[in-house]
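What follows is one structure encoded as structure tokens, with my remarks underneath.
Nothing in this text is a laboratory measurement; each read-out follows from the coordinates by a stated rule. Everything quoted here is computed from the prediction, not taken from an experiment. Positions of Cβ are backbone-derived with ideal geometry, glycine not excepted, and every protein chain shown enters the neighbour counts.
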Amino acid sequence: MRIADVQDKIDHELVSRAQIEEKIGQIAARVSEDYRGRDPLFVAVLKGAVNTMASFSQAVSIPVQMDFMSLSSYGSGTESSGRIIIRQDLSCDVRGRHILIVEDIVDSGRTLAWLVNELKRRGAASVEIFALLEKPARREVDVDVKYHGFDIPDEFVVGFGLDYDERFRNLDSIAVLKPEVYQGAHA
Ligand code: 5GP
Ligand code: MG
Ligand code: MG
């Protein structure tokens, strides 16, 4: 789905599909060099990172393994509390593995900080992070994002895997919704 298909609901586009693909290609080239011969395991958190994982894993030029985890943050609201529940665990044993976490967006950083810690606790040989988007203004926890895509302003974004109320994940670029889309949901 493209911006034009939901034009009435989109306020503005932040990152185009071409920009996403170009950035993913550049980072994939670096990662391919850094991980050559190390049999890396790419780990993504469902569901938001699925599109990033799909594009990124195809753009690297080395064989990789992929695994997925579903997490939920304790409590409700839009802030993640940092108390994490595993809804669906990885299927791989991470002991001794070189892991690259593939993330859609880093907001407070709490989810990612928890995940890095958890993978190290399970015996991973190394854990690094690729995040397509970051909101620097919202960072609360210090996490070292080695492979970094785009910094974006403190606005709620959808598309390329990111949802609002489970919608707009299949938009092929990153965009900000019109305010009335949110207001409509609570009317
Ligand atoms: P953190 O633990 O860094 O606060 O939360 C990160 C998670 O919150 C992301 O993986 C994503 O699921 C969600 N999130 C943070 N900012 C946004 C946003 O602007 N749009 C959407 N759709 N999800 C977001
Ligand atoms: Mg995520
Ligand atoms: Mg979401």
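Every pair of different Cα atoms in the stretch 18-153 enters the Kirkwood calculation, which places the hydrodynamic radius at 15.1 Å.
On alpha-carbon atoms, Rg over Rh for the stretch 91-187 using Kirkwood Rh? All intermediate terms of the calculation are to be shown ahead of the outcome.
Numbers: Rg = 15.7 Å, Rh = 14.9 Å.
Result: Rg/Rh = 1.05.
Within the chain, which whole H helices from DSSP have a Cα span along their axis of at least 15 Å and a mean Kyte-Doolittle hydropathy of -0.5 or more, if any? Please list the in-between numbers first.
Working: long enough: 17-35 (26 Å, -0.70); 110-121 (16 Å, -0.34).
Both cut-offs are met by 110-121.
Extension gain, residue 180 to residue 16: 0.36 nm times the residue separation minus the Cα-Cα distance gives 56.8 nm.
The helix-only estimate of mean residue ellipticity at 222 nm for the chain, built from DSSP H runs of length n ≥ 4 each weighted as -39500 (n - 2.57), is -8000 deg cm²/dmol after division by the residue total. Kindly state, to the nearest 0.05, the FRET efficiency for residue 87 paired with residue 59, given R0 = 30 Å and r defined as their beta-carbon distance. Working from the Cβ atoms, E equals 0.60. The distance separating the Cα centre of the stretch 134-153 from that of the stretch 22-61 comes to 18 Å.
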